[in-house]
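Structure, as structure tokens:
The values are calculated or read from the model by the stated rules, or taken from the named source; none is laboratory data. Quantities reported herein were computed from a predicted structural model and do not represent experimental measurements. All Cβ positions, even for glycine, are placed from backbone atoms using ideal geometry, and neighbour counts span all protein chains on display.
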Amino acid sequence: MFGKDKPAPTAAQPPSQPMAAGVRPAGAPQAIETVIGPNTHIKGEVRSDGGIRIEGIVEGTVETTGNLVITESAKVLAEIKANNISIAGAVRGNITANRVEILDTGRVWGDLTIKSLLINEGAYLRGQTFMPQDLQPPQLEPPKPAKPVPQAGVVVDVEPEPKK
């Protein structure tokens, strides 16, 4: 009688209370907010606090606190600053990011300042890579002095060394 006529909630229905703007559940991937289409050519600055997907041509600078996806059809001639970057197209310019992945169709001409780098087989990278973490290289101990090898005709004392 009461509530029997209402369908049971399913996963496809939105939650009963909407989330606050800009709030995502923990562990949810960052959504792409901006798409620069394959027939678009932009000259100048692109700035965003959300994810960007580039399918066209961008010249100038690209800066986002979110993630950046550069598709196979994209050509980017820009200085890039982003959180995480996935590159399947062509990029000419320096990149500063937390993590960069260059896919097998990706091509990059420029210097990378990053914390993490993944380059797939077939990818192209021409430039220097800087990882400004405070990691120290392993220290090798200097070789210990070798005992002199006796030469022929030299008398060698064979008494054991005294125990300490």
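Things to note:
- Neighbours by Cβ (under 9 Å, 6+ apart or cross-chain): first from the range 118-134, touching a residue at least 24 places away in the same chain (Cβ under 8 Å) and of a type in the set (A, V, I, L, M, F, W, C); second surrounded by fewer than 13 Cβ atoms within 10 Å (Cβ to Cβ) and not in a loop (DSSP other than H, G, I, E, B): none
- Exclusive hit being under 30 Å from A90 (Cα atoms), among the β-branched types (V, I, T) and modelled with pLDDT under 95, set V35, V58: V35
- All conditions in (1) exposed (fewer than 13 other Cβ atoms within 10 Å of the Cβ); (2) at positive phi; (3) at pLDDT 95 or above; (4) of a type outside the set (D, E) hold for H41, with the sole exception of (2).
- Taking the criterion of being of a type outside the set (G, A, S) and part of a loop (DSSP other than H, G, I, E, B), the residues of the range 97-116 that qualify are L103, D104, T105, D111, I114, K115.
- Residue tally, condition under 13 Å from the mean Cα position of the chain (by Cα) and of a type in the set (A, V, I, L, M, F, W, C), over the range 89-141: 12
- Selected residue [surrounded by fewer than 19 Cβ atoms within 10 Å (Cβ to Cβ) and touching a Pro at 6+ places or on another chain (Cβ under 7 Å)] from T65, T113: T113
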